[in-house]
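Worksheet for the structure shown next.
Read the figures in this text as sums done on the coordinates, not as results from a lab. Here the structure is a predicted model, which is why all the values come from computation and not from measurement. Cβ placement follows ideal geometry from the backbone for every residue including glycine, while neighbour counts extend to all protein chains displayed.
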Amino acid sequence: MTIVLRILAGIAALVGAMACAGLTIPRRHIARRTARYARRPEEVYAAITAYEELPQWQPGVARVEILPPRAGKARYRTHGKFGAMTLVVEEAVPPRRVVGRIDEPELGFGGTWIYEIAPVDGGATLTITEDGFISNPIFRALARFVFGYHRTMEGYLRGLGRKFGEATEPRPP
């Protein structure tokens, strides 16, 4: 019985420490990554806005539902191992820029992803800026110290490279 109580006390102490650490981390964060592709900006734009095709190359996305537009803005719902998430396209400027926003107010996180495509010699770069927030201090600590703010966008950029038959290594812009 003493061992069980010690294990439970250890778990409680760990969760408490994570919560305290999370309280020192700002709720809001900004993260950026960029990758280069041997594709024209129009091709990159077409690939990232073909939402129904995301399961073919975006890690963690099993399927996508295209939803009816709201206030003239495109919407879609991704389904993956962590559940469903609805996104709205706040801005679309072909072939340069797309701004997507998580449209799930009840989630403990949210924000926007800004996709900026720029022409370069022999192709284009795609820079993703995540302007996000995490409400729960424990999840803030996990995001900061365990998962990192860049993991999802790096997977996205690598997945897009695989879609194009290219190996790309995301980096800070």
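Once you list every other residue whose beta carbon is under 13 Å from the beta carbon of P94, what net charge do they have if Lys and Arg are +1 and Asp and Glu are -1? Before the final figure, lay out the partial values.
Values: positive: R40, R96, R97; negative: E42, E43, E91, E116.
Summing Lys and Arg as +1 and Asp and Glu as -1 gives -1.
Multiply the residue gap between L142 and L14 by 0.36 nm, knock off their C-alpha separation, and tell me the result in nm, one decimal place. Kindly include the intermediate steps, with their values, before the conclusion.
Working: separation 128, 0.36 × 128 = 46.08 nm, distance 1.19 nm.
Extra length available between L142 and L14 comes to 44.9 nm.
Give me the net charge of R144's neighbourhood, meaning all other residues with Cβ under 14 Å from the Cβ of R144; Lys, Arg count +1, Asp, Glu -1. Can you show the working numbers first?
Values: positive: R27, R28, R140, R151; negative: E130.
Spelling it out: positives minus negatives among the neighbours equals +3.
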What is the spin-label model distance, in nm, from V93 to A62 if the labels are put 7 Å beyond Cα along the C-beta direction? 3.7 nm
Out of these labelled values of volume of the Cα convex hull per residue in Å³, (1) 106; (2) 136; (3) 121, which was calculated from the coordinates shown here? (2)
Helix 2-24 versus the longest principal axis of the chain: what is the Cα-based angle in degrees, 0 to 90, to the nearest 10? 50 degrees
Mind checking which of I7, G100, N136 is farthest towards the positive end of the chain's charge dipole, using Cβ charges of +1 (Lys, Arg) and -1 (Asp, Glu) about the Cα centre? I7
Stretch gain in nm, segment E166-A118, where the contour uses 0.36 nm per residue and the Cα spacing is subtracted: 15.5 nm
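Report the extension gain between E42 and E106 in nm, rounded to one decimal, defined as 0.36 nm multiplied by the number of residues separating them, less their alpha carbon distance.
Taking 0.36 nm per residue and subtracting the Cα distance, the gain is 19.5 nm.
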Sorted by Cβ neighbour density within 10 Å, fewest at the top, the residues E169, E116, E42: E169, E42, E116
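Tell me the relative contact order for the chain as a rounded percent, counting alpha carbon contacts under 8 Å between residues six or more apart.
Values: 316 pairs, mean separation 51.5, N = 173.
Reported relative contact order: 30 percent.
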Relative to the longest principal Cα axis of the chain, at what angle does helix 151-163 sit, 0 to 90 degrees, rounded to 10? 30 degrees
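Can you give the charge dipole size of the chain about its Cα centre, rounded to the nearest 20 debye, using +1 on the beta carbon of Lys and Arg and -1 on the beta carbon of Asp and Glu? Show your work: numbers first, answer last.
Values: 24 positive and 17 negative charges, 78 e Å.
For this selection, approximately 380 debye.
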